[in-house]
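The values are calculated or read from the model by the stated rules, or taken from the named source; none is laboratory data. Owing to the predicted nature of the structure, the values given are computational and were not obtained by experimental measurement. Every residue, glycine among them, receives a Cβ derived from its backbone with ideal geometry; neighbour counts consider all protein chains shown.
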Amino acid sequence: MIYNWQQRDWPHFTYDIEEIEDNLFSLAEESGLIMGMLNGMSKESQTETLVDIMVSEAIKTSEIEGEYMNRGDVVSSIRNNLGINKEPIKVKDKKASGIGSLMVDVRQTFMEPLTKEKLFQWHEMLMAGSRNIQVGVWRTHTEPMQIISGAAGKEKIHFEAPPSSRVPQEMDRFIAWFNATAPGGKKEIKKPSVRVAIAHLYFESIHPFEDGNGRIGRAIAEKALSQTLKRPVFLSLSKTIEAHKRAYYRALETGQRGNHITPWVKYFAETTLLAQRQARQLTDFVLKKTKFFDHFKDQLNDRQLKVVRRMFEAGPEGFEGGMNAAKYLSLTTSSKATATRDLQNLVKMNIFITQGGGRSTHYVLNLTGF
């Protein structure tokens, strides 16, 4: 099979912009809406929203690659790197610490030109604690770099990247392209969805590192989007990709078969738009949470506050299975009678909505009016 990098027109990507014009308009509209919402927030709420989005990105970009991080460790790492914690919290998991450092650095340096040194630095952060991996350098092994699925003996090769001997030259060309297409560059691409789609596909097709290419590639996508929008993005591409992982890999595999990439650009534009809409929902949720506590914080006892805060931590998707008496007892270590009384009061105050019945009775937050 012949891949994109083996073809004569590599890496001159072409696409039909007409197919994504509506999407580009919608992304600009969504971006404007979320910025308006953020401007109406307190600094504390803005920071909370930012941390939630960065934590989601860190966890989901790892889950796409089959690595599962402890949320608490990732939160601590990100808050440490943002300087939010007065006293830095020690994070034992080196990988969680590394992905948190990467998320913050991508955000804080988004307008800087891309360099080989920066990519090596990101790789060192990402691979912290890894063994038997060449860290902070391009891959050098002589065996083919292949993307494979399936059991031993029944493997399917989805893609084969350029040999390691070509990586330094290919990456020099990629970095030059990335900087030339940035705002003010000689070949500036003004459509954010187009530039981010090409940047991600281009990098993934080279696959320059021994490991971690997917996560670095998504960090590059965020940098490209932030540069073109001229502000750090408030969205998690990885959360959206992870929710539809098979579609992502199918689109990527198809995109790597040739250099006319309209279907790939369309797919990634749709993914970016969906991620922006999900971020707007999260921002709206944080606003509602702020108003909720302003209204109710003095009306709840310590047990109720603990439970309600725990439910809010679950985000817009909600606390899995809702709250019930057993979960309330577990979270508060109260008596059954106290838990029942607390839950009944929360319903009377119109804070909880009752769902189900009998043993299936559970409660969800009522955010109507906030």
- request: Having 2 or more residues that are charged (D, E, K, R) and at pLDDT below 95 is the bar; report the helices (runs of 4 or more DSSP H) wholly within the stretch 240-332 that clear it.
  value: 245-255, 262-296, 302-313
message: What's the total number of residues in the stretch 215-235 that are farther than 15 Å from Leu114 by Cβ and at pLDDT 95 or above?
response: 1
query: For the subset of the stretch 158-181 comprising residues that are in contact (Cβ under 8 Å) with a residue 24 or more places away in the chain and hydrophobic (A, V, I, L, M, F, W, C), which member is nearest to Thr254 (Cα to Cα)?
result: Phe159
query: Checking Ile198 against (1) surrounded by fewer than 20 Cβ atoms within 10 Å (Cβ to Cβ); (2) at pLDDT 95 or above, which single condition isn't satisfied?
result: (1)
- prompt: If you take the residues of the stretch 333-347 that are exposed (fewer than 14 other Cβ atoms within 10 Å of the Cβ) and in a loop (DSSP other than H, G, I, E, B), which of them is farthest from the chain's Cα centre (by Cα)?
  reply: Ser335
task: Being more than 14 Å from Pro192 (Cβ to Cβ) and of a type outside the set (D, E, K, R) narrows it down to one of Leu273, Leu252, so name that one.
output: Leu252
statement: All conditions in (1) within 15 Å of Glu48 (Cβ to Cβ); (2) in the same structural domain as Ile53 (by TED's automatic domain parsing) are true of Ala314 except (2)
query: Taking the stretch 50-106 as the search range and keeping residues that are among the basic types (Lys, Arg) and outside any helix (DSSP H, G or I), which one is modelled with the lowest pLDDT?
result: Lys86
query: Out of Arg341, Arg359, Arg310, Arg303, which single residue is among the basic types (Lys, Arg) and under 30 Å from Ala243 (Cα atoms)?
result: Arg310
task: Inspect all residues belonging to the stretch 78-85 and state whether any of them is more than 21 Å from the chain's Cα centre (by Cα) and among the charged types (D, E, K, R).
output: no
message: touching a strand residue (DSSP E or B) at 6+ places or on another chain (Cβ under 9 Å) and at negative phi: which single residue out of Asn324, Asn301 fits that description?
response: Asn324
